[in-house]
């Protein structure tokens, strides 16, 4: 008993479950804000090549001469990278603690008569961890494709607009983006509600009765649809 107490006392407050949940919530909301801005930029594809390429160029030179070329982009990339690392680290630590606390039973400790399997879990929460893995793999592919121009399905180009259009004319590229963005939508729906609950903004006893559930649905739906519009519009010949 004395050894266990001493070990717990030495644990840093930053590694507590509460701190991990807060860091996960804050880092998640930072990424939601980025997704909204990124979605806005993607929708400029409907304005044509000149407008889209000009937008991409403006991001590279934003803040000059106070910032060097690509300065803003690197600031955003560093903040996003830190957010992803913090989010992933917290998720793994919380998952491990959850597994130990439940005696390796996982979600089976949440019993209900409304589910034929006797487990009280939504589809979004059930797929939250694997959805996170899908999103992480998609981010790597997305950066190699449209940012670094290393992977070039449909052909390489110095024009951001042409890189997007060349890729989205291929069915399997559109399929990858569709599956990934559906995973993002489910992740956001459950993750946003959980984040607001963690930060003390949600006082409802049930998910259905919470106003944050409606906000999570709206934001998750808007981001999912907003990101899927460009690839499907290009693939169907409605843009590009």
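The values are calculated or read from the model by the stated rules, or taken from the named source; none is laboratory data. Since the structure is predicted, the reported quantities are computational estimates derived from the model, not experimental observations. Counting neighbours? That spans all protein chains shown, and the Cβs are built from the backbone with ideal geometry, glycine included.
Data table
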| item | result |
| --- | --- |
| Residue 197 vs. criteria within 23 Å of the chain's Cα centre (by Cα), surrounded by 15 or more Cβ atoms within 10 Å (Cβ to Cβ), modelled with pLDDT under 90 and outside any loop (DSSP other than H, G, I, E, B) | yes |
| Residue count for the range 61-76, restricted to those that are surrounded by 14 or more Cβ atoms within 10 Å (Cβ to Cβ) and part of a helix (DSSP H, G or I) | 5 |
| Meets criteria (under 29 Å from residue 178 (Cα atoms), at pLDDT below 70 and surrounded by 12 or more Cβ atoms within 10 Å (Cβ to Cβ)) for residue 131 | no |
| Answer from 234, 218, 174 - the residue that is modelled with pLDDT of 90 or more, part of a helix (DSSP H, G or I) and closer than 25 Å to residue 77 by Cα | 174 |
| Number of positions in the range 1-54 that are over 23 Å from the mean Cα position of the chain (by Cα), assigned to a helix (DSSP H, G or I) and at pLDDT 90 or above | 8 |
